Number of protein chains: 2
Amino acid sequence: MPGTIDFYFDFSSPYGYFASLGVDALAARHGRTAVWRPILLGVVFKSTGQSPLLNQPLRGPYARHDLERTARRLGVPYRLPEPFPVNAMAASRAFYWLRDRDPAAALAFARRIFAAVFVDGRDIGPPAAVIDLAGVEGLAAALEDPAVKDRLRREVEAAMERGVFGSPTIAVDGEPFWGFDRFADVERWLATGGW
Amino acid sequence: MPGTIDFYFDFSSPYGYFASLGVDALAARHGRTAVWRPILLGVVFKSTGQSPLLNQPLRGPYARHDLERTARRLGVPYRLPEPFPVNAMAASRAFYWLRDRDPAAALAFARRIFAAVFVDGRDIGPPAAVIDLAGVEGLAAALEDPAVKDRLRREVEAAMERGVFGSPTIAVDGEPFWGFDRFADVERWLATGGW
């Protein structure tokens, strides 16, 4: 789809949350729209051998500090939910199911999920929490549908085939940029067409 | 020492090399000077459980691509040396030994090491290569001196005690910023005194 950029993220990723607050405006500044693509880092980490950032010695304490600092710089609400990481499977399945029906509703749902996790500190792991936040009939049944489960699985596999391994990753015309701290690079790439 | 910022890096780190090309100018723009502090990521990784970035599935190929892309953006020469990672132990020991004698010579030596690795693709692992690049009498003996070996060990330990786990890391008045892509944050912090 021309005119779009791909925004890969995990609903459990704090840097993905920060990215979600700015990615649409970033795309719009360059006449693009962002296609939101939730993935599950837990699946990716099985391939890369990574462990969740916040659980790692030295890196974990730094990341917690940097997340607070980044939120202050951006001037946005932020808290680390408990428990963390949250299980984003139901939310991610719900997102793709919703998007096939109503893309705008899916986007609004994704924003509510991120706010529930990183503003309100809610646990969005249980399907009931996701169903509540979606407010759409039929989701409870959909979350049990093998086709819906398979859809998410294929999305995660497709992302990994494109080289995605972290959240957020933004791909501009196939060019991947990993990390919220690469938004400036994404902006340059969009403005110049690459280098 | 007031007026300084700390620049932690591994001579084997490509992003450390990019940082080395800009850190002194960055510091100078804010009336500071950068104190160069080579560390050994191999020692740090034993504590954090990390493995070298370029060897990791998905992350490795992305990093190789991003390094080439970053070099093009900066307009600086860059190549990944073979073998990689290089063994930076002799170079790091030599750096601290030199600095205790002549800080300016140590800085010039560090630049020659980085250029040898990432411009010329030389293997700076063997002490003979380091001695050649230093061009200073007494270094061959110093590299065998237990006190010189211990000095580097203590520097790496002190860095880890300050929370350093990656290259480059810049610390401004105790505030750490990990990653070459955080230079903009360092610049903001220096300009504003923090947030």
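Read the figures in this text as sums done on the coordinates, not as results from a lab. Keep in mind that what you see is a predicted model, and the values were worked out from it rather than measured. Every residue, glycine among them, receives a Cβ derived from its backbone with ideal geometry; neighbour counts consider all protein chains shown.
Neighbouring Cβ atoms from other chains, within 10 Å of the Cβ of residues in A:58-64, number 5 on average.
Across the identical copies, the 7 Å label point of B:Ala108, projected outward along Cα→Cβ, sits 6.8 nm from its counterparts, in ascending order. Rounded to the nearest 20 debye, the dipole magnitude of region B:4-192 is 360 debye, with +1 charges on Lys and Arg beta carbons, -1 on Asp and Glu beta carbons, and the Cα centre as origin.
Figure legend: label point modelled 7 angstrom from the Cα of B:Tyr78 along Cα→Cβ; residues of region B:156-188 with amide N under 12 Å from it are B:180-181. For peptide B:10-19, the mean count of partner chain Cβ atoms within 10 Å of a residue's Cβ comes to 0.
Taking the centroid of alpha carbons for each part, region B:121-173 and region A:2-43 are 41 Å apart.
Distance from the B-onto-A rotation axis is smallest for the Cβ of the chain B residue given, in whole Å, as B:Asp181, 2. Rounded, prolate or oblate for the protein assembly as shown? Axes are the square roots of the Cα gyration tensor eigenvalues, ordered a ≥ b ≥ c, and the cut-off for rounded is a/c under 1.5. Prolate, because a/c is 1.5 or more and a/b exceeds b/c. Rounded to the nearest 20 debye, the dipole size of the protein assembly as shown about its Cα centre is 280 debye, using +1 on the Cβ of Lys and Arg and -1 on the Cβ of Asp and Glu.
Summarising the amide proton neighbourhood of B:Ala34: residues at separation of 5 or more, or on other chains, whose placed amide H is nearer than 5 Å comprise B:Ile5. Between identical copies, the spacing of B:Leu74 label points, each set 7 Å from Cα toward the C-beta atom, reads 2.7 nm from nearest to farthest. For region A:1-88, trypsin sites (Lys or Arg not before Pro) meeting the loop criterion (DSSP other than H, G, I, E, B) and having at most 13 other Cβ atoms within 10 Å: A:Arg29. Of all the options A:Ala171, A:Ala141, A:Ala27, the one that moves most in a Gaussian network model of chain A with Cα springs shorter than 10 angstrom is A:Ala141. Every helix of 4 or more DSSP H residues in chain A counts as -39500 (n - 2.57), and over all residues that averages to -17000 deg cm²/dmol at 222 nm. How would region A:63-195 be classified by its alpha-carbon gyration tensor: rounded, prolate or oblate, with rounded meaning a/c under 1.5 and the a/b versus b/c comparison settling the rest? It is oblate, given that a/c is not under 1.5 and a/b is not larger than b/c.
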